[in-house]
Amino acid sequence: MAKSVKKRKEIKRKLLHKYRLVILNESTFEEKISFKLSRLNVFVTGSLFMIGLIGLTILLIAFTPLREYIPGYSSTKLKKEATELTYKTDSLVRTLNYTNKYLNNIRMVLTGDIENNQINRDSLFEQFKLDPASVDLTPIKEDSLLRAEVALEDKYNLFERNTDKKTLILFPPITGTLSMSYDAKKKHYGVDVVAPKDTPVKAVDNGTVIFSEWTADTGYVIILEHEGGLLSVYKHNGSLAKSQGAIVRAGEVIASVGNTGEFTTGPHLHFELWDSGNPVNPLDFIDFN
């Protein structure tokens, strides 16, 4: 125990023992500056200096642009720019995917190639069609009262209501003799209309020219995009009157009947209609006679 006490006293004496730091002139040995120090003072002063230096460094890093030079640290501005770039990249990817699907539809229109795994919309509708026999259609009391109230309101309604469903009416591109009808099983997704060479071919509806070029198989081809995702396709033309990007009106001349392309069988127009990437029978909408 005495040893321990003696040791503590010795450590305390060494810490508090005074030393004198003198700065002399080397030539004259004149005393310039002197300091009285102890080991404890040096330790406390050094510790405070280190703490102050660390605190100043932290403040400089936290509140000055110097923090941007620290590896692995990114500024708020850089984070904001990175977030904006991420959103832009995501938007570009979506736009690219949409464009690729759109171009794939155009490719299918030009080649007449429909993927085997494409969903048949008609069969899909049939699958979820409701059987009227399985539904109880007996009117309830509330339904009868509502019908009577609505009928009374309509009786004295001064404004005429249009309840007719809008139907698609298309302008015939040409009039002539139908030489081949629409036959999806034979991959003939349009109709062939025979007409004299150089007969004007007209747009079936208002739209935009999205394709107007020569193809080896079907000669001069022009494709119009209409409202609602409808495409009209005109193949084997003798010449094209509109270029890509042109806005056309229904009944406006866009081409002339010809006999161009490897698959042609004489002067005629091969005409197709595509609705949202699916071929439809043009005879359901147009009378070519």
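Computed from the coordinates by the stated procedures, all read-outs in this text should not be read as laboratory data. None of the values given here were measured: they were computed from a predicted structure. Glycine gets a Cβ as well: all are built from the backbone with ideal geometry, and neighbour counts include every protein chain shown.
Points to keep in mind about this one:
- In region 177-284, the DSSP beta bridges split such that about 100 percent are antiparallel, to the nearest 5.
- With semi-axes defined as the square roots of five times the eigenvalues of the C-alpha gyration tensor, the equivalent ellipsoid of region 201-289 measures 19, 15, 12 Å, largest first.
- Between amide H atoms placed 1.01 Å from N, distances below 5 Å from residue 206 occur with 250, all of them 5 or more places distant or on a separate chain.
- Exposure proxy order (Cβ contacts within 10 Å, fewest to most) of 212, 243: 243, 212
- Cβ-based exposure ranking for 220, 189, in which fewest neighbours within 10 Å come first: 220, 189
- Cβ crowding within 10 Å ranks 16, 110, 273 as 16, 110, 273, fewest other Cβ atoms first.
- Cross-link table 186/242; 101/242; 101/185; 187/242; 202/242, entries beyond 22 Å C-alpha to C-alpha: 186/242; 101/242; 101/185; 187/242
- Integer Hz, Karplus 6.51/-1.76/1.60 couplings in order for region 47-55, x for Gly and Pro: 5, 4, 5, 5, 4, x, 5, 5, x
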